[in-house]
Amino acid sequence: MRLQRFLDISEAGSLQSFEKQLIEFAGELDFGIVAAALVIDRPGSDSTFFSLGNGPAEFADAAKSLEDSKRDPVLKRLKRMSVPFVYNQSLYVGEGAGDLWEQQAAFGYKNGISVALHLPGNKHFLLGVDRDAPMPEDETKVVRLLADLQLAAVHAQDAAVRLLGTQVAVPTLSERELEVLRWSMEGKTASEVAQILGIATSTVNYHVGRVLVKLEVENKHHAVLKAINLGLL
């Protein structure tokens, strides 16, 4: 039965269905709250973040502090680990962030399991479940919970990229802008690109400037990387 749930998660045809499958999966593990997120890093600009789940809206409003996010031990582990882990009050207190646990506990985030999968293309899929009740004392049951969350994340990652990733707005570059970017990717200077395309160097620089604005990056190197990640090159 659990295998069918994993298949249903991976084959979800809409965001609503995907979220529903994750909520039902969390319920089967006796967790009342589930959260999933797709993070796409953009070289030279801010990361794009899409999330879904059934967490209280009040918590989302209360958890907007960037400084608190930097201190959160769960978020710090998600950035560097690729295996699921358990967290509770002890973890937060041990890392000097007991006040954050108190803040989150008021919304039902007392004991949980989280996992991050770091994917190609600077993409990261995060999945976590939370509840008031403590983890089972039986270590075998805890290991089973960790394994189930890992398998759910593996099955959910493709659906997350397919359903959440489509919400990323992809800028439109003109054919000339793409030409200039392709030659820049080959390491050509502005004057060399101008010679190849038979246009003035100032025109090449104009197109480069337009690309930087459209892709919201600071230089040609970041523009090339972002264009590749967006599938433009």
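Only the coordinates and a few stated rules stand behind these numbers; no lab work does. Keep in mind it's a predicted model, so treat the numbers as computed, not measured. Please note: Cβ atoms are built from the backbone with ideal geometry, for glycine as well, and neighbour counts cover all protein chains shown.
Ranked highest first by average number of other Cβ atoms within 10 Å, how do 216-227, 187-198 line up?
Working: 216-227: 18.2, 187-198: 14.5.
Final packing ranking: 216-227, 187-198.
Restricting things to alpha carbons, tell me how big the chain is in terms of Rg and Dmax, in Å.
21.9, 73
Using the Cα gyration tensor of region 175-229, with a ≥ b ≥ c the square roots of its eigenvalues, what is the shape: rounded (a/c below 1.5), prolate (a/b larger than b/c) or oblate (neither)?
Numbers: a/c = 2.00, a/b = 1.55, b/c = 1.28.
Here region 175-229 falls in the prolate category.
Which peptide among 144-150, 199-205 comes first, and what is the full order, when sorted by highest mean count of other Cβ atoms within 10 Å?
On the way: 144-150: 17.3, 199-205: 15.1.
Highest-to-lowest ranking by the protection proxy: 144-150, 199-205.
Give the relative contact order (percent, whole number) for the chain; include only Cα pairs under 8 Å separated by 6+ residues. Don't skip to the end; give the middle numbers.
Working: 320 pairs, mean separation 49.4, N = 233.
That works out to 21 percent.
If I take every Cα pair under 8 Å that is 6 or more residues apart in region 123-233, average their sequence separation and divide by the length, what percent do I get for the relative contact order?
Values: 62 pairs, mean separation 23.0, N = 111.
That works out to 21 percent.
Taking only C-alpha pairs under 8 Å that are 6+ residues apart, what is the relative contact order of region 175-229 in percent? Working shown, then result.
Values: 43 pairs, mean separation 19.4, N = 55.
RCO, region 175-229: 35 percent.
Arrange the peptides 21-27, 75-81 so that the one whose residues have, on average, the most other Cβ atoms within 10 Å appears first. The partial results should precede the final answer.
Working: 21-27: 19.9, 75-81: 14.3.
Result, highest mean first: 21-27, 75-81.
Please list, ordered by chain and number, the residues whose modelled amide H lies under 5 Å from the amide H of GLY55; skip anything fewer than 5 residues away on the same chain.
Residues meeting the criterion, in which the H sits 1.01 Å from N, are VAL34.
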